[in-house]
Every structure is written in structure tokens, then in C-alpha cells.
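Here's the structure we're looking at; comments come further down.
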Amino acid sequence: MSEENREKLALELERKAYKLRIMELEMMRDSEASGHYGGSMSVMDILTVLYFKVMRVDPHNEDWEDRDRFVLSKGHACNALCPVLAEKGFFSRDILPTFNKLDSPFGMHPDKNKISGCDASTGSLGHGAPIAVGMAMAGKYLKKDYRVYVVVGDGEVAEGSNWEAIEIASHFKVDNLCATIDRNKYSLDGSTEGPGVFKEGGIEGTMTLEPIDKKLEDFGWHVIKCDGHDFIQLMGAYDEAARTKGRPTVIIADTLKGKGISFIEDKYEWHYGQFTPEQYKTAIDELTATLKRLEQKSA
Amino acid sequence: MAEISSFTMADLADVTTPRDVFGKVLIELAREDSRIVALSTDLMLSTKLKDFAKEFPGRFIETGLTEQATVSMCAGMASCGLIPFFATFAAFATMRPCEQVRTDIAYPKLNVKIVGTHAGLSMGPGGTTHHATEDIAIMRSMANMTVLVPSDMIQTVKVVKSAAEFEGPCYIRLIRGAESPIDIYQSVEECPFEIGKAAVIKEGNDVTIIAAGAPVVQESFVAANELEKEGIHVRVIDMASVKPIDKEAIVKAAEETGGIITVEDHNIMGGVGSAVAEVVVQERPVPMKLVGVPDVYSTLGPPDELWAKYGLNSSSLIGTVKDFLKKTK
């Protein structure tokens, strides 16, 4: 792809990501749901690149054996995943406002048996990476060429089961696996880095992650660091992951919690919450303005 | 080599425990079905998967001491069409990765078979860390989970085969079995095991003993035969399918014998006795006695002596039946 086309595609994907952020907020507003705003906004650009550029999936054949697999290990960002799957065509966006309602397929955490296009039921942290390792090893055994993508929250990296999966994937040279860490620097109680003390901004240091790149390199993974909101960089990272043989790849995507909605950006308190009708309006207006700017830039 | 479905004790002459039977049968099944893979967390020698590993190098996955990730991996493999059998000690198959079993396998109803060996008190001198007296309670409380507890060699053949043949999450509980418990069944053809069905292994109308797994089925059978000599006619039901449980057989036993004693190598809370009681109290209330580990952490010692200590051997059971009849009739 020429550089010019790549830039054009990056801009197109960025517009898509803002459209999806708006769709998410409309879904949450219309279903009167509370939810994980911070982590769903930080991960949206990653999901957009995966679903609209990188992954081989077919919404008309959701059980296609050769499809790439996707695991949202940070299942609490289901409010980001649902609009992505609707936009991709797995189901109509008209049913999104059932989110969190009784017997809805959509809720705080994804259920693979209820959501079309969803490959793993997640929500309990530290489960997605090992599930993805199993999927990738099954692909090798079945001689399939599908790839497996798992998105892990930075806070959940602390879970011991992840480190088991990290060593297993490296041990078996599972190179059809690509993990992405949504490095938004916060978990529920506060920032991940720091001495572990209470400050006005929450706990400073829920669990030290850094130097996460060195740790993962030492475990035998190919590590790529990138700006998780830069579409050129994200596309490049996933291309590099696909080219990497003999070991699994992890993309440490530097992101901003709450990205796109200025009053929640970089605020741990908005890990989870409920917007007022005014806050929905403010947020949607801001996202719409950004989308308009991007459209003008494209034109 | 005969087909599994026509195995007799002669086909098992080269093995000595139900664990060996598991390893042997899994090889037979894997020869027929390329979707079957086996996973071990550093206990291949104990779970008897060594021959499987030798015959199917690409299908045996050794993951070291990583029970939690391994259970999740099984879920990922099953979701891509494989049939993973994960075997380790029952204590480590059901407690350490408990949430992974529940959330990654049972909840999405994935086709994973978990085999817990060395269950109950059968790890004797291993003590509480290696005893599994909670596993049945844990596994049967998970929706979608099938729980199978075979008692002898032939029944283990049938249980492993049945587990492989149905699609869904399944827990198979095996004891260490170094003591070679007596064989109830002589051939697969005459072993009546079916998922969801109990087997009456001795008729009688004075009282019913319901047991699952070795050695308690055998001990109950021996006790009942001794009592028969004294004119006490005890019905013995082998409840190898703990979940789904055979309600009909329980209700029939309650109606025809008027009392039920359950016997299990497990805590009396939440296990086989509780499963039977759930049916009895709702369908046909009759007096019951639950025999098992009385909600304590089991002490260590030789398995035979531990089973005797907790009243699970035939001589204790003879006394238990007589006391029960005295109090209730």
C-alpha cells in the first residue's frame, strides 16, 4: 500500500472509530445503562483497526472455521465491542439499546453464546489470554492459518493466570497469537504505577506494571510499542505481528483512558459510572465535533 | 484388541487401576477421533497419560504447573473444535482453577473433559492438601456440568467413552486406586452405565444404600451381601452419574424401601448425599443417613485406614445400616 493510501485508510478508520464511540454512547444513553466509559473509549481505536483492517471475519458466516479469532479479555469493554460488531454487520444496531436489559444478549460483559460474532465469554480478568493461547494452539494442530487476537487491559496483567499464559505461549512458540495491551495507565482503584498509596487521584500504584516491555521480552515475546490512538502506527504494529515467526507478539498500545471525551479523559473515577442526560449530550457533541473535523480533513 | 464397547476384564489384564483404564481408553478413543487432545500439568505419570503422550506427540500438551491457564486453554481449544481432556489430581483440577472451569468451560458449555484423579481420601498419606473431599460439591454446583464418578475398571471404560461421545463439559472423578478395589462389572456389555441412569447392583426392599465411586460402591456391596445373610435385604444403587442424577431410581428406592443411606468418599456437605437428598426432600421424603467425611479436614494415613476411620468400609456400614433400621423402622 502506498503511503498516501495508507494515510487515507488511517483517516477513514479514525472516522469510523469516532462514529463507533458515538454509537456506543447512544446505545448507553438509550438503554439508560451505566458502564465502563474510560476503558471502552481507550480501546475503541484498537478494536476499529482489528475489525475493519486487520482481522479476517465474515459477518454472514460467523462460525466460519478459518476466521481469525478475537478475545476481549477486558470484557468490561463490552460496551465498545457491541457497536463494533453491529457496525461490522453481525447484527442490527437497532437492538443495541437492549444493553443491560433483562435477557438482552448485550450487557456489561460479553457472552459468546448470545452475541453473534463474539468468540469468548469474558469479564473475569486474566482469562482471555490463556483462552486465546488455546485457540491459537488448536489452529496449529488443525493446520489452519487463522490468527488469534486478544486485547488485555493493563490492570489485569497483574493476574497470575496471564503470566502462566505468557510463558506457555512463548514455550510453544505460538506465533499465530497477537496480544494487545490497552495501556491506559489506570485500573479501577487508580493508576497502575506508584508506591501504592491513597491520593486524591485514587490509589497511586494499584500494581506496578513497568517495565512491562522488558518483562515480556524476557518471557520470550516479540514486543511492539505504539501509540494506541495513531492508526498508522497501529496498522504497522499488526502488520509486524503477522510477519513475526517463532514467537508470540504483544503490542503495548499507549492509550488515554476516556479518549475523545475530555471531561473523563485520564480520570480513574470514570472507569465505571453513569452519565447524566446532560453529560451524554456534552460527550456526544464533542465526539460529533471531532468526527466533523475528521470528515473535513478527508474532504 | 477388542473394540472398547466389547471390552472385558481380559482386555484390562495389563492395567491395575481405573486411572490406567482412563489412559488406555483415551488412546483407543483418540485413534478413532482426531479431535481428542490431552493436557497435563506435570502429572502425566500419575494420571496415566504417558502412553498417550508417546503415541500422539502432537496431541499431548504438557503445560507444566499452570492449572488455571491450562483450563482456559482447554476452553479456547474446544471453541475451535477440539475435544480436550485435562487430567490432574482432583484437588488441583477443581479448586485451583475453579473459576476458570466455571466461567470458561461450564458457562459457555464447551466440550472439555476434566479428569480428577486421586480423589477423595485415596491420596492417603498425602494429607489434606492432596485429598479432594469438596470436588463433587464444587463441580455439580456448576450449571451445564456433567459429573461422573465410576467405581471399577469396566465402569471407567464406559464412563470415559460416554464422556468423549457427548458434547459438553464433563468432570470425571477417579480415585488413586492402588488398592485394586473389587470389580463389580466383568464386561462393558454387561455394565449398565449410562449418563443420567443409576444401576441397581443388588436388589432389596428393607433399605437402600446409594453410593458413587470406588471404594464406597464396593464396600456398600460387600456390606449388603453380609447383611443379606442376616435376613436384612439392602438395595444397593451405584450412582456413577452424580449429575444428571437418576431421580426415578431415587424416588423408586424411597417408595419401595422407605429409607436411604448415602455413602461417599467426600465431605457429606454438597456431595452425593446432598444430591440424593435434594431429590428425596422434594419428591418423596423418607428418612436418610449421609455417610462421608463429616465436614472436617481429613487426617493423613493409609487410605484403607482413612476410609475405615470415616465409616466408609463394609464393617462400619453394616453397623450403620442396623442402627438406621433400628431408629427408623
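The values are calculated or read from the model by the stated rules, or taken from the named source; none is laboratory data. Because the structure is predicted, anything quoted here is derived from the model rather than measured. Positions of Cβ are generated from backbone atoms using ideal geometry, with glycine treated the same way; all protein chains shown enter the neighbour counts.
For the stretch A:66-102, which residues satisfy the criterion of being within 16 Å of A:L50 (Cα to Cα), in contact with a strand residue (DSSP E or B) (Cβ under 8 Å, 6 or more places away or on another chain) and not in a helix (DSSP H, G or I)?
A:D68, A:R69, A:F70, A:V71, A:L72, A:S73, A:K74
Give the stretch A:123-134 a look and list any residue that's facing chain B (nearest Cβ under 7 Å), farther than 17 Å from A:Y238 by Cβ and buried (at least 24 other Cβ atoms within 10 Å of the Cβ), or say none.
Scanning the stretch A:123-134 gives A:H127, A:P130, A:I131, A:V133, A:G134.
B:H130 versus (1) within 14 Å of chain A (Cβ to nearest Cβ); (2) within 22 Å of B:G270 (Cα to Cα); (3) in a loop (DSSP other than H, G, I, E, B): which is the lone unmet condition?
The number of the failed condition is (1).
Condition check: without any contact (Cβ under 8 Å) to a residue 60 or more places away in the chain, at the interface with chain B (Cβ under 8 Å from one of its Cβ atoms), of a type in the set (D, E) and surrounded by 24 or more Cβ atoms within 10 Å (Cβ to Cβ). Does A:D154 satisfy that?
no
Every residue in the stretch A:58-96 that is more than 14 Å from every other protein chain (Cβ to nearest Cβ) and of a type in the set (A, V, I, L, M, F, W, C), please.
A:A77, A:C78, A:A80, A:L81, A:C82, A:V84, A:L85, A:A86, A:F90, A:F91, A:I95, A:L96
Checking A:F198 against (1) under 30 Å from A:K214 (Cα atoms); (2) modelled with pLDDT of 95 or more; (3) aromatic (F, W, Y), which single condition isn't satisfied?
The failed condition is (2).
Here is a list: A:I261, A:I224. Which entry is within 19 Å of the chain's Cα centre (by Cα), modelled with pLDDT of 95 or more and part of a strand (DSSP E or B)?
Only one candidate passes the filter, namely A:I224.
Hey, does the stretch A:73-82 have a residue that's over 13 Å from the mean Cα position of the chain (by Cα) and in contact (Cβ under 8 Å) with a residue 12 or more places away in the chain?
For the stretch A:73-82, residues over 13 Å from the mean Cα position of the chain (by Cα) and in contact (Cβ under 8 Å) with a residue 12 or more places away in the chain: absent.
Could you pull out the residue among B:V280, B:V251, B:V276 that is under 22 Å from B:L325 (Cα atoms) and either at pLDDT below 95 or within 20 Å of the chain's Cα centre (by Cα) (or both)?
Matching residue, one of B:V280, B:V251, B:V276: B:V276.
Any idea which of B:A163, B:A137 is assigned to a helix (DSSP H, G or I), under 14 Å from B:P84 (Cα atoms) and of a type in the set (A, V, I, L, M, F, W, C)?
Step by step, each of B:A163, B:A137 is checked, and only B:A163 is assigned to a helix (DSSP H, G or I), under 14 Å from B:P84 (Cα atoms) and of a type in the set (A, V, I, L, M, F, W, C).
Of the residues that sit in the stretch B:116-153 and are more than 28 Å from B:M9 (Cβ to Cβ) and hydrophobic (A, V, I, L, M, F, W, C), which one is surrounded by the most Cβ atoms within 10 Å (Cβ to Cβ)?
Per the stated criteria, the residue is B:M139.
Which ones in the stretch A:113-122 are of a type outside the set (G, A, S), facing chain B (nearest Cβ under 9 Å) and surrounded by 19 or more Cβ atoms within 10 Å (Cβ to Cβ)?
A:D119, A:T122
Take the residues in the stretch B:221-243 that are assigned to a loop (DSSP other than H, G, I, E, B) and within 16 Å of the chain's Cα centre (by Cα); name whichever of them is surrounded by the fewest Cβ atoms within 10 Å (Cβ to Cβ).
It comes out as B:M239.
Taking the condition part of a loop (DSSP other than H, G, I, E, B) and touching a strand residue (DSSP E or B) at 6+ places or on another chain (Cβ under 8 Å), does A:K245 pass?
no
Give me the pairs: first residue in the stretch A:130-147 and more than 17 Å from B:E62 (Cβ to Cβ), second residue among the acidic types (D, E) and surrounded by 24 or more Cβ atoms within 10 Å (Cβ to Cβ), beta-carbon distance under 8 Å, and six or more apart or on different chains, which are they?
A:I131/B:D104; A:M135/A:D119
Is at least one residue of the stretch A:206-217 crowded, with 19+ Cβ neighbours inside 10 Å and in contact with a Leu (Cβ under 8 Å, 6 or more places away or on another chain)?
For the stretch A:206-217, residues crowded, with 19+ Cβ neighbours inside 10 Å and in contact with a Leu (Cβ under 8 Å, 6 or more places away or on another chain): present.
Give me the pairs, please: first residue somewhere in the stretch B:129-151 and of a type in the set (D, E), second residue anywhere and crowded, with 22+ Cβ neighbours inside 10 Å, beta-carbon distance under 7 Å, and either six or more positions apart or on two chains.
Once the first residue is of a type in the set (D, E) and sits in the stretch B:129-151, its partners that are crowded, with 22+ Cβ neighbours inside 10 Å give B:E134/B:N267; B:D135/B:A90; B:D135/B:T94; B:D135/B:G116; B:D135/B:A119; B:D135/B:R173.
Exactly one of these conditions fails for B:G259: (1) free of Cβ contacts under 8 Å to residues at least 60 places away in the same chain; (2) more than 24 Å from B:V159 (Cα to Cα); (3) among the small types (G, A, S). Give me its number.
(1)
So which pairs qualify, if the first residue must be in the stretch B:281-302 and assigned by TED's automatic domain parsing to the domain that holds B:E264, the second must be among the hydrophobic types (A, V, I, L, M, F, W, C) and assigned to a strand (DSSP E or B), the Cβ gap must be under 6 Å, and the two must be at least 6 apart or on different chains?
B:M288/B:I260; B:K289/B:I261; B:V291/B:V263
Return yes when B:D135 is at pLDDT 95 or above, facing chain A (nearest Cβ under 10 Å) and under 30 Å from B:G292 (Cβ atoms) and no when it is not.
no
A:Y51 is checked against (1) buried (at least 22 other Cβ atoms within 10 Å of the Cβ); (2) away from chain B (no Cβ under 14 Å); (3) of a type outside the set (A, V, I, L, M); (4) touching a residue at least 40 places away in the same chain (Cβ under 8 Å) and fails just one. What number does that condition carry?
For A:Y51, the failing item is (4).
Within the stretch A:267-279, track down each residue that is touching a residue at least 40 places away in the same chain (Cβ under 8 Å) and not in a strand (DSSP E or B).
A:K267, A:Y268, A:E269, A:W270, A:H271, A:Y272, A:Q274, A:F275, A:P277
Among the residues of the stretch A:161-193 satisfying the criterion of being free of Cβ contacts under 8 Å to residues at least 40 places away in the same chain and charged (D, E, K, R), which is surrounded by the fewest Cβ atoms within 10 Å (Cβ to Cβ)?
Among those residues, the one meeting the criterion is A:E193.
Take B:S151 and tell me if it is in the same structural domain as B:A93 (by TED's automatic domain parsing) and closer than 25 Å to B:L227 by Cβ.
Answer is yes for this residue.
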